[in-house]
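Written below as structure tokens is the structure these notes are about.
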């Protein structure tokens, strides 16, 4: 029973790292298994990790920009607190990544490079399980067995990252974004199937690349996860996501950059002891109509405390 409990205490933070990995181009591409599991209330989770990405960035075909590639890497720090919200399990999490970014492109036939480092936009998310996941203490949770869970969340990204309006490539976005999401999780013995639709909305950036005004259409995404839980507490997940939309407009002139992409990935979580767990994750694009197409790899160490643990 203790080993099984450890498996459910590995709170899924890796998708948050995936989203932070390419802050200028990766909105909607995160792959986050087990975001809507039940977890004992009153627990705290601290995460420290490191990620690496490399890939290409799609641009409007009418622009004189070719071979646009970006490489990022850096540390990620996150904190999660599990809550009791009117008898339902919930959590709030905060992510603050630091990024080293290197970009190359050919602009009007001439090579251009940019290297910059700084904090990415901070993100906070509140999620609550509406069905199938009551708020339980650590002792009560030992008797819990998942069937069907339905939950929802809202993620907010604030314009707090590094940003220079004289540069096309930045770490921060100089705007707010809001991402409501629905999560459905069904347990079938050691397997869990998850389906997670979401939509991301963006505010205007009124200081985009030389003082222009940038707006962006909503970005629609659908994640799917197939998770297998081992008796000794580890789990592995095969992940996928499809997303579309996100066309941009600069000064009321629409760009031909509507996104439509598919990504696949894998996540492995290993409990080390009662307090620590280790995660390894990676993903790659398998279909890209427009937008960014990159490979991602990362590692994260998680520490949990409180709640009678």
Notebook entry, point to check: What FRET efficiency would be calculated for the residue pair residue 212, residue 158, taking the C-beta separation as r and a Förster radius of 35 Å, to the nearest 0.05?
Noted result: 0.95
Margin query: What's the ranking of 101-114, 121-134 by average number of surrounding C-beta atoms within 10 Å, highest first?
Written below: 121-134, 101-114
Next item on the list: Report the calculated FRET efficiency for residue 124 and residue 188 (r = Cβ-Cβ distance, R0 = 41 Å), to the nearest 0.05.
Entry: 0.80
Item checked: residue 166 versus residue 287: modelled label distance in nm, points set 7 Å from Cα along the beta carbon direction -> 4.3
Notebook entry, point to check: Hey, what did region 2-305 get for relative contact order, percent, Cα under 8 Å, at least 6 apart?
Noted result: 19
Item checked: Inter-label distance for residue 250 and residue 100, nm, one decimal - labels placed 7 Å from Cα along Cα-to-Cβ -> 2.9
Margin query: Test of understanding: what is the full-extension gain from residue 203 to residue 278, defined as 0.36 nm times their sequence separation minus their Cα-Cα distance?
Written below: 23.4 nm
Next item on the list: Please give the FRET efficiency for residue 69 paired with residue 143, using the beta carbon to beta carbon distance and R0 = 35 Å, rounded to the nearest 0.05.
Entry: 0.10
Next item on the list: Treat the chain as a sphere of radius equal to its Kirkwood radius over Cα pairs and apply Stokes-Einstein at 25 °C in a medium of 0.890 mPa s; give the translational diffusion coefficient in µm²/s, rounded to a whole number.
Entry: 124
Check: What full-extension length gain, to one decimal in nm, is calculated for residue 268 and residue 79 as 0.36 nm per residue of separation minus the Cα-Cα distance?
Finding: 66.1 nm
Next item on the list: With springs connecting C-alpha atoms under 10 Å apart, model the chain as a Gaussian network and identify which of 87, 172, 282 has the largest mean-square fluctuation.
Entry: 87
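Bear in mind these aren't lab numbers, they're just calculated from the coordinates by the rules spelled out. Every value quoted in this text rests on a predicted model; they were computed, and no experiment measured them. Reconstructed Cβ throughout: ideal geometry from the backbone, glycine too, with neighbour counts over all protein chains shown.
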